[in-house]
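Trainee: Below is the structure I would like to discuss, written out as structure tokens.
The values are calculated or read from the model by the stated rules, or taken from the named source; none is laboratory data. Nothing here was measured: the structure is a model prediction, and the numbers come from that model. Glycine also receives a Cβ, built like all others from the backbone with ideal geometry; neighbour counts cover every protein chain displayed.
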Amino acid sequence: MSTVEAPQTQAPKPKTPSTNPGRGRSLIPPLIVGVVAVVAWEVLVRVFNIQKFLIPRPSSIIAALSTSWADILEGTKRTGYVAVSGLIVGVIIAVALALLCTRFHFMADALTPMAAALAATPIVALAPIYFKWFGATDATAKQCVVVSVVIFPVFINTARGLLEVQNVQIELMHTYGVGDWAILREVRLPNALPFFFTSLKVASSLAVIAAIVAEYFGGQQGTLGSIITQSAGLSRYDRAWAAVLMAALLGIVLYAIVVVLERTFIPWERADARR
Amino acid sequence: MTTADTTTPAIEIQGVGMVFNGGRPNEVTALTDIDLTVQAGEFISLIGPSGCGKSTLMRIVGDLETPTSGAVRVNGKDPRQARLDHDYGMAFQQAGLFDWRTVSANIELPLELMKWNKARRQTRSSELLDLVHLADFGAMRPWELSGGMQQRVAIARALAASPGLLLMDEPFGALDEMTRERMQGELVRICAETGATVIFVTHSIPEAVYLSDRVVVMSARPGQITDVIPVALGERNEDTREDPTFFASITTVREALRGAPAPAVTGSNSVDIS
Amino acid sequence: MATTAPTFLQKPVDPARSNSGRSGPSALSRFARRTVFIIGGIVAVALIYTAVKAMGHATGGTWPFTSMPLPFSTDDVTMPPVMDIVLRFGQPQRTGDPKNLTMWILEAMLFTFREAFVGFIIGIIIGMAIALIMLRTRWLERGVMPWVIVSQTVPLIALAPVVVAFGNQIKVPLFSWQQWMSVALIATYLTFFPVAVNGLRGLKSPTPLALDFMRTNAASGNATLWKLRMPAAVPFLIPALKLAATASVVGAIVGEISAGVRGGLGRLLIDYSAQYLSDPSRLYCVVIGAALLGVLFVALINVTDLLLMRNRPREAR
């Protein structure tokens, strides 16, 4: 229990270049592999006559996407709304907590092990309880699931970025005779930004996951999660895959937005990331 | 294992040239026309400015690079064959020990790769630990040791298979001056005890002079040998560092590095520091 | 090193001590401190929960000193008292059931853990295999790796209901495909991706110097893999495994719900949720069980981490 560490992201270090896959390299190999994979999928399913309820062909997934476009788009909007609004609220709470930790160090000591332990739990299992609290038809319960999931990685990383500053820089600020506020603005916040954006990337993916999983537990109809479960239950696998495709797109778009924000706010990290 | 026989030179380098990225816009000529013969048991230092190709030359001898022209023989063999035969041990600027192995296990690694059995490996590693004066540290982890101790472990590791030849690429470059001098003393002693041939790359003129039988001075762009300076200091000990001949040789090497014609060693440019 | 876990409790390393490993007493005191803080946190949550209930009770369901209604009800059905929830663990699942609720939840935890763990292990094996293939084949790495990395931003768990339905149709010769295996399949693919990404990164982490050293000693490809690349990859794999462990539990629960698999936590969550009005505390109990399973699974990875990394310097951990 006590050995539980903070939630891990793929990017253990905020400056890892992995966040920019393929940047500076040729996009051709992944494109070739992608096209070959889709064509092979299509051909194999046709040639071996795999029944469509097992794995639908890419072409029939696209077809289902266009016939159910209105429903799936509406579902994407609803799920996207829950994910984004929950993400924003969760990030605000997490950053506020992290800032409190720089002011009151005992809070860092108290909250970090808690956050680390909670990050290891399947927080989405809270969904049924939130449904009982806020009602199953409202979006609030699902937003709360997203908020709960998002808080931990953002809090832990941001607090780390705010607290793990170079002593030299703090001492330099002391020699200027400035107060905590200036240290926060000039040293801690700039130091925390890369950590914050790393966690935001993780959180943006988690937000979409949390929204969809919450939808699997019930609640409002017409969301991506409910389209996927319903279609799978009715053996409309092409439609289910089409909704999965949109969920994937939603995840990628959110992630891309975070990457754009990151490059806007911390341009000095770019040279490092390009390596 | 492979004791260099006295009739064949340990290393013969003839007309070696090295061009990186040949034919491309970023083509770099690292070495041109290198000729060098090293006799068994000799201690040779390669010294020169950054980019003169001294490390590259050593890596060619160690078969970590293949020259674009010329021929290299190590113990009369192709470098690749010499590598496969474990004819040499190599030490680098960083100790490069494996964190997950104990000090002994690090020293035994080359022997493991040669499929020695466990008992033999252990006997050998304790001999080597004695040799580098780390007998009590075998069970520790490399990261628990100081930089100088780690470097001694790395040397022990390079010596594990009793190679006749040691290739050392600035092994003491990362150490502080005090540790460095002590390590030089240890290396001299170890070489005397094992009779190994050594090729030693360094940036430090006193280090090169103190250790070597001959100092090979190189210049950059293109990398070539400009001078080979014999050092006749006799048996090295701590007094050697204050010997006028030592200072004279340092001056000779320094002037060779500056590109001035090497003057004959005379007592006139020795400095009395006492 | 790049993989240091974000534990900022470890204050900036004292240079004088940075060379010493994990010293016994400080590790022990950190352990004790964390335990105290976690227990304190649980108590604090229970107190806040009780306070919110008391506040709702006192104001009649509005924010204090206003007439704005609270966004949720604080009655004993919506928010059963803490003691009810604690005591509920010791009572039978339903009246007349000889087994008490704790036994039911423990069995469900074990069931879900089996699905998650089997899938997790297979995911590690496949992920490492892919990482090894990518290590040897550069074009494959350049072609496939970007997709594996993109997969990290995609809610892969959305596929769970589809995978479960797909699993139901599988006819494998010589062995009967069972539904829990479909659930395990979800854990497999959730594990596979992070392991492949970090595994490859770890396998490529040895310095040129270390690789040169292996080469000068005429080490075979296999020797380089097992004596250098694999040990070097461990610290890169651990974070991926922690991530995958939690994801596997979530995946297993979601899979159980989608597939209607009986015996696991997912099923209990759905059942107790449906019968909530008659017995609200039970749902809280099973949610606590699910949380505990996640923590235990990650703790298992942490123990593995301590064992595998016990001989490494602290900075590398």
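Trainee: Tell me whether the range A:208-225 contains one or more residues that are part of a helix (DSSP H, G or I) and over 19 Å from A:Ala83 (Cα atoms).
Mentor: No, the range A:208-225 contains no residue that is part of a helix (DSSP H, G or I) and over 19 Å from A:Ala83 (Cα atoms).
Trainee: Which of the residues belonging to the range A:119-139 are more than 7 Å from every other protein chain (Cβ to nearest Cβ) and either part of a loop (DSSP other than H, G, I, E, B) or in contact with a strand residue (DSSP E or B) (Cβ under 7 Å, 6 or more places away or on another chain) (or both)?
Mentor: Across the range A:119-139, the qualifying residues are A:Gly135, A:Ala136, A:Thr137, A:Asp138, A:Ala139.
Trainee: Here's something else I'd like to know. Do we find a residue being crowded, with 24+ Cβ neighbours inside 10 Å and of a type in the set (Val, Ile, Thr) anywhere in the range A:231-244?
Mentor: The answer is yes; a qualifying residue exists.
Trainee: Next question. Only one residue in A:Val208, A:Val150 is in contact (Cβ under 8 Å) with a residue 24 or more places away in the chain, at the interface with chain C (Cβ under 8 Å from one of its Cβ atoms) and within 30 Å of A:Ile72 (Cα to Cα), so which one is that?
Mentor: A:Val208
Trainee: Just checking, does the range A:164-183 include any residue being more than 18 Å from C:Ala290 (Cβ to Cβ), buried (at least 21 other Cβ atoms within 10 Å of the Cβ) and of a type in the set (Gly, Ala, Ser)?
Mentor: no
Trainee: Do any strands (runs of 3 or more DSSP E) lying entirely in the range B:165-225 carry at least 1 residues that are over 14 Å from the mean Cα position of the chain (by Cα) and at pLDDT 90 or above, and which ones are they?
Mentor: Hits in the range B:165-225: B:214-219.
Trainee: Quick one: which helices (runs of 4 or more DSSP H) lie wholly within the range C:201-270 and hold at least 1 residues that are more than 9 Å from chain A (Cβ to nearest Cβ), within 19 Å of A:Gly225 (Cβ to Cβ) and more than 20 Å from the chain's Cα centre (by Cα)?
Mentor: It comes to C:230-259.
Trainee: Looking only at the range C:219-233, which residues are of a type in the set (Gly, Ala, Ser) and buried (at least 20 other Cβ atoms within 10 Å of the Cβ)?
Mentor: Within the range C:219-233, C:Ala219, C:Ala232, C:Ala233 qualify.
Trainee: Follow-up question, since we're still on this one. Hey, any hits in the range B:93-102 for a residue that's part of a helix (DSSP H, G or I), facing chain C (nearest Cβ under 10 Å), crowded, with 22+ Cβ neighbours inside 10 Å and touching a residue at least 40 places away in the same chain (Cβ under 8 Å)?
Mentor: Scanning the range B:93-102 turns up no residue that is part of a helix (DSSP H, G or I), facing chain C (nearest Cβ under 10 Å), crowded, with 22+ Cβ neighbours inside 10 Å and touching a residue at least 40 places away in the same chain (Cβ under 8 Å).
Trainee: Consider the range C:82-105. How many of its residues are exposed (fewer than 15 other Cβ atoms within 10 Å of the Cβ) and out of contact with any Pro (no Cβ under 9 Å at 6 or more places or on another chain)?
Mentor: Residues that pass the stated criteria total 9.
Trainee: I'd like to know if the range C:75-88 contains one or more residues that are closer than 30 Å to C:Pro239 by Cα, part of a helix (DSSP H, G or I) and more than 9 Å from chain A (Cβ to nearest Cβ).
Mentor: No, there is no match, as no residue in the range C:75-88 is closer than 30 Å to C:Pro239 by Cα, part of a helix (DSSP H, G or I) and more than 9 Å from chain A (Cβ to nearest Cβ).
Trainee: Every residue in the range B:242-260 that is of a type outside the set (A, V, I, L, M, F, W, C), more than 20 Å from the chain's Cα centre (by Cα) and surrounded by 12 or more Cβ atoms within 10 Å (Cβ to Cβ), please.
Mentor: B:Asp243, B:Pro244, B:Thr245, B:Thr251, B:Thr252, B:Glu255
Trainee: Checking B:Val271 against (1) modelled with pLDDT under 85; (2) closer than 30 Å to B:Met18 by Cβ; (3) touching a Pro at 6+ places or on another chain (Cβ under 9 Å), only one condition comes out false. Which one?
Mentor: (2) is the only condition that B:Val271 fails.
Trainee: Any residue in the range A:251-262 that is over 20 Å from A:Ile88 (Cβ atoms) and either part of a helix (DSSP H, G or I) or not acidic (Asp, Glu) (or both)?
Mentor: no
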